[in-house]
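Data block below; observations after.
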Amino acid sequence: MNLQHFRLTTILLALVCFVMPWFQIRCNGPDGSELKIEQSGLQAAYGGVSKYANGRLVEGGMKVPQEPDHEPAWLLTVHAAALVLALLASQWMKRGNPRWLAVTLLSGVAAGVLIAQIVNGFPMLKDAPKDKIEYTPWYWIAIASSIAAPIVSLCERVQLRQVSPPLDEPTVERPAWGE
């Protein structure tokens, strides 16, 4: 099994999940309509939200508002940047120890920063009633794939060490053909 491909998949999955909805807050409006506020990881990073009434987008989406609806979660910006850099390093750096180290450290930073943001809390959710908050599957997949990326990278290194011979073993020189 090639763990390098699995590591790449976990990084890509974490990036895709970053732009998908993470949280939803549902309530009923004064006129009996269903109101929903939704926030993706990207929107949480800049403080935006998407507002829906009866299933139709009223305001928000992926455009950045002039004034954010909520305080930005700046650690998510670092999370996304570290994931993008890990993805770039895994694709364009020359194969070997520096690439492995860069990808492992960057994906580890991304996971650590996401965990720090979760512990610190998300600004949109701080004032919301706890029984109205729904965490979407994209949120849980984003967490799982972000944590899995550095773990898979470390496992890849262990797998490579088991396959390759130790450096201190003497090598036997074989005669060339025709000697």
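The values are calculated or read from the model by the stated rules, or taken from the named source; none is laboratory data. Predicted model, so just to flag it, every value in this text is computed and none were measured. Here the Cβ is made from the backbone with ideal geometry for all residues, glycine too, and neighbour counts use every protein chain on show.
Remarks
- Residues of segment 4-49 classified as among the aromatic types (Phe, Trp, Tyr), over 22 Å from Gly108 (Cα atoms) and in a helix (DSSP H, G or I), total: 1
- For the residues Lys36, Lys63, the requirement of being modelled with pLDDT of 85 or more and not small (Gly, Ala, Ser) singles out Lys36.
Every residue, every condition in (1) more than 18 Å from His5 (Cα to Cα); (2) free of Cβ contacts under 8 Å to residues at least 40 places away in the same chain; (3) crowded, with 17+ Cβ neighbours inside 10 Å, yes or no:
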{"site": "Val78", "(1), (2), (3)": "yes, yes, yes"}
{"site": "Arg99", "(1), (2), (3)": "no, yes, no"}
{"site": "Gly108", "(1), (2), (3)": "no, no, yes"}
{"site": "Ala111", "(1), (2), (3)": "yes, yes, yes"}
{"site": "Ile115", "(1), (2), (3)": "yes, yes, no"}
{"site": "Asn120", "(1), (2), (3)": "yes, no, no"}
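- When residues of segment 1-44 are limited to those that are under 30 Å from Lys94 (Cα atoms) and polar (S, T, N, Q), the one nearest to the chain's Cα centre (by Cα): Thr10
- If only residues of segment 1-60 that are among the hydroxyl-bearing types (Ser, Thr, Tyr) and farther than 24 Å from Ile118 by Cα are counted, the one that is surrounded by the fewest Cβ atoms within 10 Å (Cβ to Cβ) is Ser33.
- Filtered residues of segment 117-133 (kept if at negative phi and part of a loop (DSSP other than H, G, I, E, B)): Phe122, Asp127, Ala128, Pro129
- Restricting the first member to segment 5-16 and to residues that are in contact (Cβ under 8 Å) with a residue 40 or more places away in the chain and among the polar types (S, T, N, Q), and the second to residues that are surrounded by 18 or more Cβ atoms within 10 Å (Cβ to Cβ) and part of a helix (DSSP H, G or I), the beta-carbon pairs closer than 7 Å and six or more apart or on different chains are Thr10/Ser145; Thr10/Ala148; Thr10/Ala149; Thr10/Val152.
- Segment 134-154: number of residues that are in contact with a Phe, Trp or Tyr (Cβ under 8 Å, 6 or more places away or on another chain) and in a helix (DSSP H, G or I): 5
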